[in-house]
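Written below as structure tokens is the structure these notes are about.
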Amino acid sequence: MTERPVFHLPRAGAARNLAMATFGALAMGALVWAPQAEAEGRPGAVADLVEQVSPAVVTILAEQTPTAQETRRFGRSPFEGTPFEEFFRRFGPPGGTPSPDAPRGGPHQGPRAAAQGSGFVLESDGYIITNNHVVEDASRVTVRLSDARALEATVVGTDPKSDLALLKVSASGLPHVTLGDSDALRVGEDVIAVGNPFGLGGTVTRGIVSALARDINAGPYVDFIQTDAAINRGNSGGPLFNMAGEVVGVNTAIYSPSGGSVGVGFAIPSNVVSNVVAQLREHGAVERGWLGVSIQSVTPDIAQALGMDAARGALVADLVEGAPAQGRLAPGDVILSFDGAPVNQSRDLPKLVGAARAGATVAMDVLRDGAEVTVEMTVGRLETPQTAAATTTATPDATPDASAESARLGATVAPLTGEARAAAGLAPDVGGVLVTAVDPDGVAASAGLRPGDVILRVGDTAVAAPQDFAAAADAADRALLVQIARGEARLFIGVPLA
């Protein structure tokens with residue numbers, strides 16, 4: 001597995017290391033088991049808690065049949081030709097006992113690639129939670145219980161967007177744990193991680209909640225719990241407990257320049273797990289709401305341009321043709337709340353919309369043209385997105401004498417060319433001007449405007465010609481809200497005035 005100083009997803013490989021993707025989570029109904037007492041600092045309290053919850057933590061063994069190329073690459077023992085060759089031929093590789101289908105060495109055999117992760121039993125009849133990236137693309141999943149029994153598991157459902165998976169084994173009377181309320185967590189609170197790092201099952205580490213609602217650029221639907229409890233490869237899918245013995249998170253990722261734990265680990269909050277797992281159990285998949293808008297953050301410059309007293313909300317940059325939001329919202333609207341919940345930052349909105357039921361009618365508070373209005377809308381259903389081909393921004397080829405310059409902003413624009421219009425996906429009847437030059441020391445450059453951008457609007461004025469741009473810029477008395485097309489994306493830029 002190639003090491004990178006980025007977010008590593010902790011999963012241990014038995015026969016070979018497998019690079020996998022991120023996340024995890026779960027939920028179900030009321031549970032009958034609960035820890036007997038909360039650890040309150042008395043001698044042995046943590047040990048008592050660990051003794052109570054550890055039997056519910058399991059090891060996940062996920063096997064995949066590798067391709068012919070992978071077989072050639074990984075089929076040979078990594079210790080061949082070294083002083084350790086004979087030892088590992090007799091006693092097997094490190095990382096725990098290999099599965100019956102694990103590689104035995106030799107370049108021409110067809111091994112199964114086995115990887116290990118963690119999980120926990122949520123219900124006594126065999127429902128188990130782990131990360132999606134632990135079992136993704138597995139041809140066979142085996143669960144090793146704390147009593148050493150190995151049971152084949154069925155994957156009930158997975159949700160790659162939250163990196164959660166729900167498994168089921170045929171058993172009854174299993175030790176199990178409960179989900180706690182992750183919204184009640186506080187920074188500094190003690191937590192305990194239990195799992196299977198490096199194949200060493202039943203490993204316990206202790207730390208604190210280092211941060212809450214952490215965004216690690218792992219998708220729009222999860223804000224992570226950060227902890228300094230040691231988490232390593234193989235801990236993926238294991239539980240993070242509070243001191244009452246409740247699962248408050250599913251350990252999922254670490255930040256590590258070296259590949260080992262440096263005390264920066266991340267867990268999916270239990271309240272996210274609860275919602276996802278309930279849907280996986282009922283439907284085998286997760287349904288999410290959809291509005292069909294592209295949004296961006298409201299920066300201080302954009303807030304000033306819109307006359308807002310503070311930077312908050314989600315700015316609508318563009319709408320999808322035929323989406324539920326079409327005709328209800330417009331580019332330049334700022335969504336301040338959704339179905340009664342405040343939208344303080346743009347990343348709040350996808351989680352709120354995703355949790356909404358398709359077909360439900362919701363109300364949103366929206367800032368439009370300087371006034372707050374209420375907009376009602378029926379939520380759509382999020383379908384699997386189609387990947388759009390990347391488009392390169394066209395090189396400006398407008399004639400110099402047709403251009404106009406705003407010395408105030410430090411930008412020069414020219415009429416749209418056919419090439420630039422095609423690159424931006426603009427219809428023939430859509431106006432705009434092409435940015436041909438930006439003064440690197442000007443306010444437009446500092447705001448993020450760059451050559452090749454197509455300016456569609458300046459403030460409330462649609463821009464049809466270069467002179468429109470220069471006139472609107474010169475007449476402004478506060479920061480400008482500039483709508484641009486960059487490739488096929490639409491976004492707003494707040495440009496402070498010089």
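Observations, loosely collected:
- Looking across region 280-298, just one residue is closer than 21 Å to residue 122 by Cβ and without any contact (Cβ under 8 Å) to a residue 60 or more places away in the chain, and that is 282.
- Residue list for region 475-491, restricted to those being assigned to a loop (DSSP other than H, G, I, E, B) and either in contact with a helix residue (DSSP H, G or I) (Cβ under 6 Å, 6 or more places away or on another chain) or of a type in the set (Lys, Arg) (or both): 478, 479
- Total residues in region 130-141 satisfying the condition of being part of a strand (DSSP E or B) and surrounded by 19 or more Cβ atoms within 10 Å (Cβ to Cβ): the figure is 3.
- Condition broken by residue 302, with the remaining ones in (1) surrounded by fewer than 18 Cβ atoms within 10 Å (Cβ to Cβ); (2) in contact with a Phe, Trp or Tyr (Cβ under 7 Å, 6 or more places away or on another chain); (3) part of a helix (DSSP H, G or I) satisfied: (1)
- Test: residue in region 449-462 that is at pLDDT below 80, under 34 Å from the mean Cα position of the chain (by Cα) and at negative phi: no
- Among the residues of region 360-375, those identified as part of a strand (DSSP E or B) and touching a residue at least 40 places away in the same chain (Cβ under 8 Å) are 367, 375.
- The lone exception for residue 332 - which of (1) assigned to a loop (DSSP other than H, G, I, E, B); (2) over 30 Å from residue 497 (Cβ atoms) it fails: (2)
- Filter pass, residue 401 being outside any loop (DSSP other than H, G, I, E, B), of a type in the set (Asp, Glu) and at pLDDT below 70: yes
- Region 187-291 holds strands (runs of 3 or more DSSP E) entirely within its bounds, and those carrying 2 or more residues that are of a type in the set (Ser, Thr, Tyr) and surrounded by 19 or more Cβ atoms within 10 Å (Cβ to Cβ) map to 203-214.
- Given (1) of a type in the set (S, T, N, Q); (2) within 36 Å of the chain's Cα centre (by Cα); (3) at pLDDT below 80, number of the condition residue 483 does not satisfy: (3)
- Qualifying residue in region 442-460 (condition: touching a strand residue (DSSP E or B) at 6+ places or on another chain (Cβ under 9 Å), among the acidic types (Asp, Glu) and buried (at least 22 other Cβ atoms within 10 Å of the Cβ)): yes
- Single condition residue 146 does not satisfy, out of (1) in contact (Cβ under 8 Å) with a residue 60 or more places away in the chain; (2) out of contact with any Ser or Thr (no Cβ under 7 Å at 6 or more places or on another chain): (2)
The values are calculated or read from the model by the stated rules, or taken from the named source; none is laboratory data. Note that the coordinates shown come from a computational prediction; the quantities given were computed from them, not determined experimentally. FYI the Cβ positions are ideal-geometry reconstructions off the backbone, even for glycines, and counts take in every protein chain you see.
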